[in-house]
1. Taking the criterion of being over 22 Å from residue 214 (Cα atoms) and within 17 Å of the chain's Cα centre (by Cα), would at least one residue in the range 301-308 satisfy it?
2. Specify the residue that is nearest to the chain's Cα centre (by Cα); the eligible residues are those in the range 126-148 that are within 15 Å of residue 80 (Cα to Cα) and part of a strand (DSSP E or B).
3. Are any residues in the range 196-214 closer than 13 Å to residue 72 by Cβ and in contact with a helix residue (DSSP H, G or I) (Cβ under 8 Å, 6 or more places away or on another chain), and if so, which ones?
4. Go through (1) modelled with pLDDT of 95 or more; (2) in a loop (DSSP other than H, G, I, E, B); (3) surrounded by 18 or more Cβ atoms within 10 Å (Cβ to Cβ) and name the single condition residue 35 misses.
5. Condition first: part of a strand (DSSP E or B) and buried (at least 22 other Cβ atoms within 10 Å of the Cβ). Now tell me which residues in the range 56-75 satisfy that.
6. Just wondering, is there one or more residues in the range 152-170 that are within 15 Å of residue 74 (Cα to Cα), out of contact with any helix residue (DSSP H, G or I) (no Cβ under 7 Å at 6 or more places or on another chain) and crowded, with 23+ Cβ neighbours inside 10 Å?
7. Run residue 138 past the list (1) in contact with a helix residue (DSSP H, G or I) (Cβ under 8 Å, 6 or more places away or on another chain); (2) crowded, with 21+ Cβ neighbours inside 10 Å and report the number of the one that doesn't hold.
8. Answer yes or no: is there a residue in the range 99-120 that is over 20 Å from residue 327 (Cα atoms), surrounded by fewer than 17 Cβ atoms within 10 Å (Cβ to Cβ) and modelled with pLDDT under 95.
């Protein structure tokens, strides 16, 4: 375990003011090529185990079940399906609701829509999760019978962010409430907030990003064996403080792969007179933290999809193939009809 933690904010900032061989490969051979220890033979685009400059489109701009921006996404490593989560769009009335609910209420309630896009790009399906959180990150754990979603849960009514995490089955066409008896809320760090899970399908580990206060330094990443965590055994394999980001950068999600936590920050394009115009290429940044040391393992601008007319970075996930690729999501399209596109970074 990294000896970096004793046992015991932009839109989002304002609201907040097991495969041992695979681990050895990603954490051992590749760690020597990351930006650690002062020796830096690698180009500045190297972030952890990936090259931030070598990108390609994985999913073309695609409509999701709701018209809001995607908050995060993850892949089913067995089937190749993509799951994306959004805050429920304003003005929508679900089957058991007496009235339409405006957008600002949906955000504070923590109401989410999860869209499944099949690997063969046939018709998408969706389900609703009411009272769960903001959807800043998510994970997909495949099983023989389908996908289990790791998501934040027990939304704080003051912020809309999750105070716990949970694992629920994806069931198309259904609505699940956070208070339902079938939902088990995991609280590995009591009193923490903005709890956001991700799942590493290669090593079968779960990571929870959580906060104990405001500012980057009050965010932590804790890693667990997923099966142990699901059973209520919260034994940390690693726990490191967030690093490699400044407090004025908007956190847009994270991912776990091997020995690194990957972090995404950035904002949507502004007009030409704003502080983040399209002509600048945007302010999206990718960085990594080494779980073994707690040190920054690279930081680089995200240049993928720079020509999108609307471009807001939204989420990181790993696409598991023979050579896994780290993927970044972007919201695009016109307001009231946002679409979602995914680009990937090449492994070293």
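The values are calculated or read from the model by the stated rules, or taken from the named source; none is laboratory data. Small disclaimer: the values here were computed from a predicted structure and weren't measured. Counting neighbours? That spans all protein chains shown, and the Cβs are built from the backbone with ideal geometry, glycine included.
1. Filtering the range 301-308 down to residues over 22 Å from residue 214 (Cα atoms) leaves 301-308.
Filter once more, keeping what is within 17 Å of the chain's Cα centre (by Cα): 302.
Yes, some residue in the range 301-308 is over 22 Å from residue 214 (Cα atoms) and within 17 Å of the chain's Cα centre (by Cα).
2. First pass over the range 126-148, keeping only residues within 15 Å of residue 80 (Cα to Cα): 139-148.
Still in the running and part of a strand (DSSP E or B): 139-143, 146-148.
Working: 139: 8, 140: 11, 141: 14, 142: 17, 143: 21, 146: 21, 147: 17, 148: 16 Å.
Filtering first and then ranking leaves 139.
3. Matches in the range 196-214: 199 only.
4. (1)
5. Just the residues of the range 56-75 that are part of a strand (DSSP E or B), to begin with: 56-63, 70-75.
The answer is 70, 71, 72, 73, 74, 75.
6. Of all residues in the range 152-170, those within 15 Å of residue 74 (Cα to Cα) come to 152, 167-170.
Then drop every residue that is not out of contact with any helix residue (DSSP H, G or I) (no Cβ under 7 Å at 6 or more places or on another chain), which leaves 152, 168-170.
Filter again for crowded, with 23+ Cβ neighbours inside 10 Å, leaving 152.
So far as the range 152-170 goes, yes, one or more of its residues are within 15 Å of residue 74 (Cα to Cα), out of contact with any helix residue (DSSP H, G or I) (no Cβ under 7 Å at 6 or more places or on another chain) and crowded, with 23+ Cβ neighbours inside 10 Å.
7. Result: residue 138 fails condition (1) only.
8. Taking every residue of the range 99-120 in turn, none turns out to be over 20 Å from residue 327 (Cα atoms), surrounded by fewer than 17 Cβ atoms within 10 Å (Cβ to Cβ) and modelled with pLDDT under 95.
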